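Asks: One structure coming up, written as structure tokens, with questions to follow.
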Amino acid sequence: MMAEDTTIDVANEFNRWPAGRFRRDGRYSGERFREELLVPALKKQGTVTIEMDGAAGYGPSFLEEAFGGLIRKEGFGKNVLSRLNIETNRNNRKMLIREAIQNAIPEAVGN
């Protein structure tokens with residue numbers, strides 16, 4: 001399969017008010033974002049650019065489920081970070097995503 005770069009504009013392709021961890025928490029949860037947009041884009045093997053500006057904000061539970069869930073539930077490895085290009089004017093979002101992924105890596109537990 002050839003690598004194909006993908007861009008996901010969260011506000012325009014998902015929702016301006018993403019919230020919640022699980023689908024039961026609402027229609028625009030981190031779980032739904034991961035399963036319906038993020039995983040299919042990552043399966044294409046290219047770089048995935050995520051445009052995060054334009055949304056009202058992101059709770060830690062949304063970010064942890066969407067990005068940490070890539071490791072815990074979808075079987076991606078720590079190299080998934082190298083395939084994600086997070087576009088945002090808020091550096092704390094990049095940090096929270098990086099932490100969510102790193103904290104989900106089993107060997108990181110206890111370090």
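Just so it is clear, none of the values below were taken in a lab; they were calculated from the coordinates. Keep in mind it's a predicted model, so treat the numbers as computed, not measured. Please note: Cβ atoms are built from the backbone with ideal geometry, for glycine as well, and neighbour counts cover all protein chains shown.
Asks: Any residue at all in region 7-20 that's crowded, with 17+ Cβ neighbours inside 10 Å, out of contact with any strand residue (DSSP E or B) (no Cβ under 8 Å at 6 or more places or on another chain) and closer than 18 Å to Ile101 by Cα?
Replies: Checked against the condition, which is being crowded, with 17+ Cβ neighbours inside 10 Å, out of contact with any strand residue (DSSP E or B) (no Cβ under 8 Å at 6 or more places or on another chain) and closer than 18 Å to Ile101 by Cα, region 7-20 yields at least one hit.
Asks: From the list Leu70, Leu63, Leu96, which one is closer than 25 Å to Ala3 by Cβ and in contact (Cβ under 8 Å) with a residue 12 or more places away in the chain? Before the answer, list the steps.
Replies: Working: Leu63 fails: closer than 25 Å to Ala3 by Cβ; Leu96 fails: closer than 25 Å to Ala3 by Cβ.
Answer to the selection: Leu70.
Asks: Filter region 21-60 down to the residues that are touching a strand residue (DSSP E or B) at 6+ places or on another chain (Cβ under 6 Å) and hydroxyl-bearing (Ser, Thr, Tyr), then identify the one that is farthest from Asp5 (Cα to Cα).
Replies: It comes out as Thr49.
Asks: Okay, moving on. Do any helices (runs of 4 or more DSSP H) lying entirely in region 1-70 carry at least 2 residues that are touching a Lys or Arg at 6+ places or on another chain (Cβ under 6 Å), and which ones are they? Before you say what the answer is, go through the steps one by one.
Replies: On the way: elements: 30-33, 39-42, 60-63.
Because the criterion is at least 2 residues that are touching a Lys or Arg at 6+ places or on another chain (Cβ under 6 Å), the helices (runs of 4 or more DSSP H) in region 1-70 that meet it are 30-33.
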